[in-house]
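Here the structure is laid out as structure tokens; the discussion comes afterwards.
Where a number appears in this text, it was derived from the coordinates with a stated rule and is not lab data. The shown structure was predicted, so the numbers you read here are calculated from the model rather than taken from an experiment. Because the Cβ atoms are built from the backbone with ideal geometry, glycine has one as well, and the counts that use them run over all protein chains shown.
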Amino acid sequence: MNKESIVVDTKEMVRKKLQNEGTGHDWYHIERVWKTASRIAKDEQANSYIVELAALLHDLIDDKLVSDKQQAVQEVEYWLEGVGVSARDSEKIMDIIQSISFKGGNGQKLTGLEAQIVQDADRLDAIGAIGIARCFAYAGSKGHLLFDPELSVRDDMSEDEYRNGPSSAIHHFYEKLLKLKHLMHTQTARQMAEERHAFMEDYLVQFFQEWEN
Ligand code: ADP
Ligand code: NI
């Protein structure tokens, strides 16, 4: 298969798989990340084939979404081999999707430009109006409150505390979302993050105004 058909087939496979996902990692999240990542790849003159495939596949092995991560990793590897991605490219893609998660600040350091681009695109979708919506959808799926004034904001936390400790949707802004602007790697993403970050700050001001009245 040529590269274009590989991307199209992968897109269809992921779309079917994530159709009914209900925690903000649905197909439309993937589609947004894929489009944003492609745009950044162009600006940064990166390898768009690797960026596009990694963006499309990045959430298929997320431990929040799959019960058996090892098996999920293997399935993605088989998929890539099956559609004819070379062993070298497959290794690059697997490396990217296994390294980009935030994990409460415990994520690993990224090596290549392509990984940085997919991570930037994924993070852009976690901030701004859509990021706010995803945050509340995720918190709802976990049974968290919108805001819990009894809880303090956690600063340094282990991956397990980040995933399983008590939190609220508004706490997540302070524990992750407001940090992301400063963690962007590429110039394009840094620029795109500005407006989305400012919007979240305005949102919080309004939220607390209403909360206190
Ligand atoms: P990562 O894997 O990079 O840590 P996630 O997959 O956890 O990122 O994030 C997916 C989406 O769910 C993001 O929009 C994120 O902000 C949101 N999310 C993750 N954890 C929480 C939480 N505890 N409360 C609210 N939203 C969350
Ligand atoms: Ni994602």
### Message
Quick check on my link table: of 103/142; 103/179; 16/92; 16/142, which ones sit more than 19 Å apart, alpha carbon to alpha carbon?
### Response
16/92; 16/142
### Query
So between residue 191 and residue 154, what do we pick up on full extension, going 0.36 nm a residue minus the alpha carbon distance?
10.6 nm
### Message
Among 20, 170, 207, whose Cα projects farthest towards the positive end of the dipole of the chain, with charges put on the beta-carbon of Lys, Arg (+1) and Asp, Glu (-1)?
### Response
20
### Query
So what does the Cα-only Debye profile of region 86-159 read at q = 0.14 Å⁻¹, as log10 I(q)/I(0), no solvent term?
-0.62
### Message
Can you give the local net charge around residue 165? Use residues other than it whose beta-carbon is closer than 14 angstrom to its beta-carbon, Lys and Arg +1, Asp and Glu -1.
### Response
-3
### Task
Provide the gained length on full extension for the span residue 98 to residue 142, in nm with one decimal, where the gain is 0.36 nm per separating residue minus the Cα-Cα distance.
13.5 nm
### Message
Can you tell me which of 151, 177, 57 moves the most in a GNM of the chain? Springs connect C-alpha atoms under 10 Å apart.
### Response
151
#### Entry: Dipole magnitude of region 3-212 about its Cα centre (Cβ charges: Lys, Arg +1; Asp, Glu -1), debye to nearest 20
340 debye
## Note on the structure
Per the helix-only model, the chain has a calculated mean residue ellipticity at 222 nm (DSSP H runs of ≥4, -39500 (n - 2.57) each, divided over all residues, rounded to the nearest 500) of -20500 deg cm²/dmol
### Message
With an 8 Å Cα cut-off and a minimum separation of 6 or more residues, compute the relative contact order for the chain in percent.
### Response
21 percent
### Two-site label geometry, residue 207 and residue 64: point separation in nm, points 7 Å out along Cα→Cβ
1.5 nm
### Summary
Descending packing, highest mean Cβ count within 10 Å first, for 84-91, 168-175, 9-16, 126-133 is 168-175, 126-133, 9-16, 84-91
### Query
Hey, could you pull the Cα Rg and Dmax for region 3-212, both in Å?
17.3, 58
